[in-house]
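See structure below.
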Amino acid sequence: MTAPVLTLVPKVEPAPPSATPGRSAHFVLSQLAEADVTDAQRKALIECLVHPTREFRETAEANGLTREQLQDLFFDLFINPRH
């Protein structure tokens with residue numbers, strides 16, 4: 001009878017969450033540069049990208065927007081772009 005062989009696999013830290021999975025930094029930056037948005041909206045969008053685990057509501061309120069406005073902007077620019 002032989003003893004089983006154990007193979008130890010090093011623990012890998014999970015990748016940090018991405019606000020726009022599958023999108024390159026160039027795509028995100030070009031979308032932000034081309035967007036016709038106010039300074040407050042641009043700041044809120046950047047905060048969404050930097051802190052992807054925060055809720056839209058929290059970021060929107062901090063920048064004087066509604067959650068619906070911010071969420072619509074975010075999805076229109078990054079998730080379902082028109083071009």
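Pick from ARG67, ARG57, ARG82: which is closer than 22 Å to ALA25 by Cβ and among the charged types (D, E, K, R)?
Every option except ARG82 fails the conditions.
Does segment 14-25 include one or more residues that are out of contact with any strand residue (DSSP E or B) (no Cβ under 8 Å at 6 or more places or on another chain), modelled with pLDDT of 90 or more and either open to solvent by 50 Å² or more (accessible area, probe 1.4 Å) or among the aromatic types (Phe, Trp, Tyr) (or both)?
No; the residues of segment 14-25 include none that is out of contact with any strand residue (DSSP E or B) (no Cβ under 8 Å at 6 or more places or on another chain), modelled with pLDDT of 90 or more and either open to solvent by 50 Å² or more (accessible area, probe 1.4 Å) or among the aromatic types (Phe, Trp, Tyr) (or both).
Taking the residues in segment 36-66 that are in contact with an Asp or Glu (Cβ under 8 Å, 6 or more places away or on another chain) and assigned to a helix (DSSP H, G or I) as candidates, determine which candidate is nearest to ASP76 (Cα to Cα).
THR59
The values are calculated or read from the model by the stated rules, or taken from the named source; none is laboratory data. Keep in mind the model is a prediction, meaning the values are calculated, not measured. Note: ideal-geometry Cβ built from the backbone for every residue, glycine included; neighbour counts use all protein chains shown. With ligands, DNA and RNA removed, areas are computed over all heavy atoms of the protein, side chains included. Shrake-Rupley method; radii C 1.70, N 1.55, O 1.52, S 1.80 Å.
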